[in-house]
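Before any comments, here is the structure.
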Amino acid sequence: YYVNKEFEKALFISREAATLSDLIAEPVAQAKAYHLLSVNYTALQKLDSGIYAAKKAMQLAKETDRQLYVTALLDLSDAYHDKKAYKEEERLLQAALKEFNEVDNIAFGSNMYEKLALAKYALGQYKEASDYYITSAAYKDSMFSRQNRETVASLEVQYQTAKKEKELFNQQLQITQKNLQLQQSKQYIMYSLGIALLTLLALAFIYINYKNKRKKI
């Protein structure tokens, strides 16, 4: 619903998730639910509620999930940006940069520097805004390069797996064909023996018949 910009529906489900997560009192589940509440409140311009939910998510995630903590911190900066509290937004983003070093997620770098650029631009600090945009672009390039490497590596694994599966299939096919040929050979031998036996029985019958006729003469 959030991706489809149906924020009211997304907010309703987020509230349900937050209620349920509070009942089980599991911090990561609670932090995720309050993160969803924050982004939906902010999307609906209910900014004070968005700020409250983001702070709650940060509090819950701080000792349990660092990536989720940084995500909630960025949610909070978005709410402050929409509230035009640009200095508070900048302060939060500078704090997020310190957290970034402890989180192995290159996408955060691009996101943080882009948000910082927007905050600096809103504060009229255009040179710093430009520098942050350049840094954000560098992270994006690095992220895409990493994704490309990961995609190539994944395709190589898939290719090698498919190759091995094909080789295994061919081996099984050869075994099946050999078994089929062996079975056909056995059947041929049995048929041949059956025909030979029937032929011998027929010849014996003819011979006995012939002998009986000779005795009568």
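The values are calculated or read from the model by the stated rules, or taken from the named source; none is laboratory data. Just so you know, these numbers come straight off a predicted model, no measurement behind them. Cβ: placed from backbone, ideal geometry, glycine included. Neighbour counts: every protein chain shown. Heads up: the accessible areas ignore ligands, DNA and RNA and are worked out on the full protein's heavy atoms, side chains in. Shrake-Rupley method; radii C 1.70, N 1.55, O 1.52, S 1.80 Å.
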Checking the conditions here, which among ILE195, ILE189 is over 60 Å from the mean Cα position of the chain (by Cα) and at pLDDT 80 or above?
ILE195
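Residue-by-condition table, conditions (1) more than 23 Å from ALA107 (Cβ to Cβ); (2) under 22 Å from the mean Cα position of the chain (by Cα):
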| residue | (1), (2) |
| --- | --- |
| ALA29 | no, yes |
| TYR34 | no, no |
| VAL39 | no, no |
| GLN45 | yes, no |
| ASP48 | yes, no |
| ALA61 | no, no |
| VAL70 | no, yes |
Out of curiosity, is LYS84 assigned to a loop (DSSP other than H, G, I, E, B), at pLDDT 90 or above and out of contact with any Cys (no Cβ under 7 Å at 6 or more places or on another chain)?
yes
With the structure loaded, tell me whether LYS5 is open to solvent by 90 Å² or more (accessible area, probe 1.4 Å), out of contact with any Gly (no Cβ under 6 Å at 6 or more places or on another chain), of a type in the set (D, E, K, R) and modelled with pLDDT under 95 or whether it fails that test.
yes
Which residues, counting only those in the stretch 17-55, are in a helix (DSSP H, G or I) and either open to solvent by 70 Å² or more (accessible area, probe 1.4 Å) or among the basic types (Lys, Arg) (or both)?
THR19, LEU20, LEU23, ILE24, LYS32, LEU36, ASP48, TYR52, LYS55
The stretch 119-140, residues that are assigned to a loop (DSSP other than H, G, I, E, B) and loosely packed, with under 15 Cβ neighbours inside 10 Å
LEU123, GLY124
Just for the stretch 56-81: of the residues that are among the acidic types (Asp, Glu) and surrounded by fewer than 19 Cβ atoms within 10 Å (Cβ to Cβ), which one is modelled with the lowest pLDDT?
GLU63
By residue number, the members of the stretch 87-114 that are farther than 22 Å from TYR41 by Cβ, modelled with pLDDT of 85 or more and surrounded by fewer than 16 Cβ atoms within 10 Å (Cβ to Cβ) are GLN94
Collect the residues in the stretch 63-103 that are touching a His at 6+ places or on another chain (Cβ under 8 Å) and not charged (D, E, K, R), keeping them in residue-number order.
LEU68, THR71, ALA72
